[in-house]
Amino acid sequence: MDAAFGDTLVRLLPNLRRYALSLTRRPDLAEDLVQITVERAIAHATSHDASQRLEPWLFRITRNAFIDMTRRQRTEGTRVDITDHPDILFTDGAATTEARLMLQATQAAIVRLPVDQAEILTLVCIEGLSYAEAAEVLDLPKGTVMSRLSRARLALANALGIM
């Protein structure tokens, strides 16, 4: 692993955390998933084509690790985390409060979307991947990514009362 690879990997950790959280919907599992992703990326750094962007490759590793984790959890049974409570932050100012409420409403609406739609929104709208890169990560045709993203945006707008 060269220094540039390591620097880029560290810089992309927040992106990996966001994507992992969109998949797991639990911060503790998302952190575990990011750790697994980084371990696998370092172990297989030589298999990454340096002429390609690192982000799609890492997101693909994250997605595959999530699939592995989900399969493993099915055999373990149901887990309940008794400390899983959202923190409430007190803020001053109507604009800050309104923005926080809109963000919470948007996050809640995304969670209620089907997983395939939430995943597409996260990759394209939050992480900034192109349609082609998202298609590569998800192993789908580009047209399928575009149609799922369109449906996801409409469903999100309807859930938020924008449309």
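A few points about this structure:
- Counted over the chain with a bin width of 10 Å, the fraction of Cα pairs per bin, in whole percents, is 9, 33, 34, 19, 4, 0.
- Length added when fully stretched, Thr75-Val111, from 0.36 nm per residue minus Cα-Cα: 10.5 nm
- The Cα center of the range 53-75 and the Cα center of the range 6-20 differ in position by 14 Å.
- Stokes-Einstein diffusion coefficient of the range 1-78, Kirkwood radius over Cα pairs, 4 °C, 1.567 mPa s, in µm²/s: 101 µm²/s
- With Cα atoms, 0 to 90° folded angle of helix 27-43 axis to the chain main axis: 20 degrees
- For the chain, relative contact order (Cα pairs under 8 Å, six or more residues apart, normalised by length) works out to 24 percent.
- The charge dipole of the chain, taken about the Cα centre with unit charges on the Cβ atoms of Lys, Arg (+1) and Asp, Glu (-1), comes to about 540 debye, rounded to the nearest 20.
- Computed helical MRE - 222 nm, the chain, DSSP H runs ≥ 4 contributing -39500 (n - 2.57), nearest 500: -22500 deg cm²/dmol
Every number in this text was worked out from the coordinates using simple rules, so none of it is lab data. Quick caveat: nothing in here was measured; it's all calculated off a predicted structure. We place every Cβ from the backbone using ideal geometry, glycine too, and count neighbours over all the protein chains shown.
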